[in-house]
Every structure is written in structure tokens, then in C-alpha cells.
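The structure under discussion appears below in the form of C-alpha cells.
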Amino acid sequence: MAAQTILIVDDSRETVRALRVFLEDAGFRILSAFDGTSGLQLIRADHPDLIILDLMLPDHNGLDITRQLRADSALKSIPIIMLTARVDDTDKIVGLEVGADDYITKPYNPREVAARVRSVLRRAKGDLEAEVERVLVYHTLRLDVSRRQLTLSGTEVELTRIEFDLMHALIRSPEHIFTRGELIESALNYQYDGMERSLDTHIKNLRRKLGDDPRDPEYIQTVYGVGYRLGNR
């Protein structure tokens with residue numbers, strides 16, 4: 001089996017060199033770019049299996065690059081891990097909202113990066129081999145797992161990868177009350193430090209896309225003091 005390809009886009013050659021060593025030792029094929037323009041060219045030419053993307057690049061903002069990729073039907077499914085020296089939770093939430101799959105803050109442990117890469121790749125694969133053509137239906141919601149597509153009353157709802165995974169967890173167990181930690185682990189398959197603080201933002205975005213009234217949601221309901229459930233009045 002061919003090695004999976006990881007593209008590292010970071011203007012720090014030291015960062016790229018360190019990550020290359022650990023990720024190549026972990027069995028990955030590594031491509032690298034030191035600015036956003038070169039990174040986008042490599043992405044379009046090579047379609048890597050995953051991108052490690054610095055937030056602050058000399059010619060592009062990592063958030064803008066993520067938006068471009070998520071708007072491109074040929075590239076939108078490529079997982080993205082944001083890498084940044086900024087530690088503000090707001091930056092992390094915005095990165096996840098525009099479609100990043102994970103967020104790692106410098107300084108970091110390269111072994112942790114390798115572990116995160118494996119986890120995100122497993123999540124992106126989504127065990128689709130075991131769920132080919134599987135469709136989950138709950139009232140007017142229809143989730144096509146193999147196509148990673150959600151429709152509401154026949155109309156497609158555009159979701160980020162994390163939003164889809166959260167919706168998948170909820171619709172697999174309708175009426176079940178998830179604590180925030182349970183929902184994160186069920187959707188993402190690992191404990192994401194700090195994710196509980198941004199989970200509410202993802203739920204808010206999901207409700208907006210489903211047309212849910214946040215004061216009296218029809219689908220994603222808050223169970224105060226516990227967490228969330230998928231319900232239908």
C-alpha cells in the first residue's frame with residue numbers, strides 16, 4: 001500500500017524540517033511549501049491526503065486558504081490541521097468553523113502532531129468501508145454516510161467535516177442525551193482538549209443551517225446541565 005501523503009505549509013523551514021523527520025519516520029510521504037501560493041499549487045497538483053497548514057503565512061492567511069479549499073468541490077474533502085503560535089480560543093473556533101479538522105498550537109510535540117495526523121486521517125476515512133451506501137433517516141433529516149451528505153426535507157445542507165461528524169453521532173442515537181464530552185468523543189473518536197468550549201459554536205452553526213430556532217430548537221435540543229440530543233417535537 002502506498003504511503004499517505006502529507007503536505008506541510010509553513011514559512012518556518014525549521015518547523016517543516018522537524019515535522020518531516022517525525023512524519024517520515026511514521027511512514028508518511030511528505031511534501032512541503034513555505035508560502036500559501038506554492039502550497040495551493042501543490043494541493044491542486046498532488047491532492048495530498050492531509051494538509052498541515054500554518055495560520056500565518058507571508059502571502060496568505062491560513063483561514064483564507066481553508067475557505068478556498070472548502071469551496072472547491074475537488075479539494076473540499078482534504079483534511080486540514082491548523083498549526084499556529086496564536087493561543088486565543090477565538091482563533092481556534094474560527095479555524096474550526098471555516099473547516100479545519102484539528103488545531104495544534106506552537107510549541108508542540110512532534111509526536112503529538114503525528115498522533116493527531118493519524119487520528120484525523122482515521123476520522124476522514126470514517127469507516128466508510130463498513131458503511132457503504134448506509135443512509136440514516138430521522139424524520140425529515142437524511143444522512144448519507146458514504147457520500148457525507150445531509151439533506152433536510154430533500155434539500156442538501158452544506159456542512160463542515162466536524163459538523164457532519166457531530167450530526168452523524170447525533171442521528172445514530174436519536175433521543176439519546178449526550179454530555180458534551182460524550183458527543184465530542186463519539187463524533188471525533190478522541191478527546192480534543194478545549195473542544196468543549198467550541199462545541200457550542202458548532203451546535204449553533206448546525207442549528208442555523210437546519211433552520212432551528214435557538215430559543216426553541218426543533219432538532220438539536222439542549223438538555224440543560226447535561227448536553228445535547230437529537231429530538232423532534
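Quick notes on this one:
- Between helix 13-25 and the chain: long-axis angle, C-alpha atoms, 0 to 90°, nearest 10: 70
- Theoretical gain in end-to-end length, Arg111 to Lys204 [0.36 nm per residue, Cα-Cα removed]: 30.2 nm
- Projected label distance in nm at Val21 and Ser173, using a 7 Å step from Cα toward the beta-carbon: 4.2
- Estimated inter-spin distance, Arg180 and Arg215, nm [label 7 Å along Cα→Cβ]: 2.4
- Ranking Val145, Val98, Val135 by solvent-accessible area of protein heavy atoms (1.4 Å probe, all protein chains present), from largest to smallest, gives Val135, Val98, Val145.
- Charged-residue dipole, Cβ positions (Lys, Arg, Asp, Glu), the chain about Cα centre, Debye nearest 20: 240
- Principal-axis tilt of helix 195-210 within the chain, Cα atoms, nearest 10 degrees: 60
- C-alpha long axis of helix 36-46 to longest principal axis of the chain, angle in °: 80
- Computed log₁₀ I(q)/I(0) - Debye formula, equal Cα scatterers, no solvent, the chain, q 0.08 Å⁻¹: -0.30
- Sum of side-chain charges, Ala33 neighbourhood, beta-carbon under 14 Å (Lys, Arg +1; Asp, Glu -1): -2
- A simple spin-label model places pseudo-atoms 7 Å from Cα toward Cβ; at Thr5 and Tyr224 they are separated by 5.3 nm.
- Within the listed set His47, His168, His139, the Gaussian network model of the chain (springs between alpha-carbon atoms below 10 Å) gives the highest mean-square fluctuation for His139.
- If you take the Cα centroid of region 14-46 and the Cα centroid of region 140-185, the two points sit 32 Å apart.
- Taking one quarter of the surface of the convex hull spanned by the alpha-carbon atoms of region 1-90 gives a direction-averaged projected area of 6.2 nm².
The values are calculated or read from the model by the stated rules, or taken from the named source; none is laboratory data. What you see is a predicted model, and the numbers here were worked out from it, not measured in a lab. Here the Cβ is made from the backbone with ideal geometry for all residues, glycine too, and neighbour counts use every protein chain on show. Note: areas computed on protein heavy atoms with side chains; ligands, DNA, RNA excluded. Shrake-Rupley method; radii C 1.70, N 1.55, O 1.52, S 1.80 Å.
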